[in-house]
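What follows is a single structure, written as structure tokens, with notes after it.
The values are calculated or read from the model by the stated rules, or taken from the named source; none is laboratory data. In this text the structure is predicted, and so the values were computed from the model without any measurement. No Cβ is skipped: glycine too gets one built from the backbone with ideal geometry, and neighbour counts run over all protein chains shown.
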Amino acid sequence: MSSTSETPNTPNGKGGTAAIPQRVDGPASVVPPAGEARPRTQTAILRRHDMFDQALRQLDDAAKRINLEPNMHEMLRHPKRTLEVAVPVRLDTGAVQVFQGYRVQHNHYRGPCKGGIRYHHEVSMEEVKALAMLMTWKCALMNIPYGGAKGGVVCDPSKMSQMELEHLTRRFTSEIMIIIGPDKDIPAPDMGTNAQTMAWMMDTYSMTLGHMAPQVVTGKPVAVGGSLGRIEATGRGVAFSTAAVVRELGLKLDGLRVAIQGSGNVGSNAAKALQEMGAKIVAMSDVHGGVHNENGIDTFSVFGAMGPKDKLSDFCHGAKISNEELLGVDCDILIPAALGGVIHEGNAAKVRARIVVEGANGPTTPEADAILNAKGITVVPDIFANAGGVTVSYFEWVQGLQYYFWELEEINLRLQRIMTKAFVPLWQLSQKEKISMRTAALMIAVGRVAEAGKSLGLYP
Ligand code: NAD
């Protein structure tokens, strides 16, 4: 494992009290500018920092169940490579702020590393390590030829201009260029980033090489080699996995009540796909809070009218609720589609849904998982539920390598085929062994990665 870390320096940031332009020559790390409120609680920070421990505990449990060879188990507990970078950015005020960025590659036994880039003020190395490990399992479970990676920058994109975001993205890309590439590690959008972010990353990488290299990222605009259906893919996959589990439980999706936390890429597209399939979306939220409406929210008109910086509650009719209240809304299906660690031992008992579908990565802590299982709630784990995104990213990468692009129908059909192929053994194992879908998913995924590692042997 290689790792670099930088020395903290005093930030001189946007909105701070000392917004004097300042040259920053050396590496530094940043905390939000003085005087700027940090909307995080101590428990939220602790939950994020616990994420890697949680990921390790899940791996340990799966390893025990599949009798994983101890040396292989030990190797899988460590990310292959971690990189921490300082990202100096000239803000619109003329001041320079140095942001902290990370890229972690957990494992590459099954192929190049793959994983999103997150822009959020609570990003941490521990969180990125956990999410990179989850990506390894997700790609293995879907049986697509990738290992797991993840990246992130500690920033609040909602408070930055387009110009600042572009500068941040370009500098971050150049800092992590030494480890990314079409055959090495292929970033994609995650929370706080989007197709535009990927276009800037691709352009920065390509300009440095001297020729266009669209295969270095996925989730980019169709105009520069993106895939049809990629934007909606994660949400579609969430809806697909929900429908599959509903069917297996002998229920009908038609009329089932769904509450969704988060209405970004995943939440909004899952909401629209589920509404199309006949479900009733009774509650939704964004970072500002939520809305509850027993009669159902018409998500097509809400998201058709909303701009990227608008508040969801200004566009929905219904009672205003908090994000915490949304998790306890009376509904059939709860879909956390924002942050990790939101369902924890302090609130899991309040969940009233029969099914929890993890649109977000790592939204349920292991303690909460045990509580939900004891309550007989079926939890569809993140590594299956939100795998539609990485699956269509894989299609985008393959199309980019061949410079041959597919029709949307073909993409959706192939997505459904891969998700069905992953779902059948997953459901069967969980039923046969009487274990949660998460445990079954991890057993399958860890087993596949270990098999690849065993075939490769240990270098040198
Ligand atoms: P996004 O940035 O498009 O949307 C995030 C949503 O969460 C927004 O509605 C935002 O307002 C809300 N939010 C932010 N902080 C919140 C908080 N503290 N409480 C409640 N809501 C909050 O992000 P996204 O791409 O939709 O990703 C959401 C989750 O899905 C993340 O966990 C991400 O890792 C996971 N995921 C995304 C993809 C993808 O393709 N985008 C794929 C797999 C998994």
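Numbers below:
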quantity: Options Thr391, Thr439: the member that is touching a helix residue (DSSP H, G or I) at 6+ places or on another chain (Cβ under 8 Å), part of a helix (DSSP H, G or I) and more than 16 Å from the ligand (Cβ to nearest atom); calculated: Thr439
quantity: Single unsatisfied condition, Ile343 versus (1) touching a residue at least 60 places away in the same chain (Cβ under 8 Å); (2) crowded, with 24+ Cβ neighbours inside 10 Å; (3) aliphatic (A, V, I, L, M); calculated: (1)
quantity: Filter result for the condition that a residue is modelled with pLDDT under 95 and either among the β-branched types (Val, Ile, Thr) or within 14 Å of the ligand (Cβ to nearest atom) (or both), over Asn347, Asn361; calculated: Asn361
quantity: Residue match in the range 369-382 (condition: within 10 Å of the ligand (Cβ to nearest atom) and outside any loop (DSSP other than H, G, I, E, B)); calculated: yes
quantity: Positions within the range 243-266 being in contact with a Leu (Cβ under 6 Å, 6 or more places away or on another chain) and away from the ligand (no atom under 16 Å from the Cβ), in sequence order; calculated: Ala243, Val246
quantity: Extreme residue, surrounded by the fewest Cβ atoms within 10 Å (Cβ to Cβ), among residues of the range 213-237 that are of a type outside the set (S, T, N, Q) and near the ligand (Cβ under 9 Å from one of its atoms); calculated: Ile231
quantity: Qualifying positions in the range 181-199 - crowded, with 20+ Cβ neighbours inside 10 Å and more than 16 Å from the ligand (Cβ to nearest atom); calculated: Asp185
quantity: Meets criteria (more than 13 Å from the ligand (Cβ to nearest atom) and under 26 Å from Gly376 (Cα atoms)) for His317; calculated: no
quantity: Tyr119 being among the hydroxyl-bearing types (Ser, Thr, Tyr) and away from the ligand (no atom under 16 Å from the Cβ); calculated: no
quantity: Count of the range 169-191 residues which are under 22 Å from Gly94 (Cβ atoms) and within 20 Å of the chain's Cα centre (by Cα); calculated: 2
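Yes/no matrix, rows are residues, columns are (1) part of a strand (DSSP E or B); (2) within 17 Å of Met201 (Cβ to Cβ); (3) without any contact (Cβ under 8 Å) to a residue 24 or more places away in the chain; (4) of a type outside the set (Gly, Ala, Ser):
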residue	(1), (2), (3), (4)
Gly94	no, no, no, no
Phe99	yes, yes, no, yes
Arg103	yes, yes, no, yes
His106	yes, no, no, yes
Lys114	yes, yes, no, yes
Met133	no, no, no, yes
Trp137	no, no, no, yes
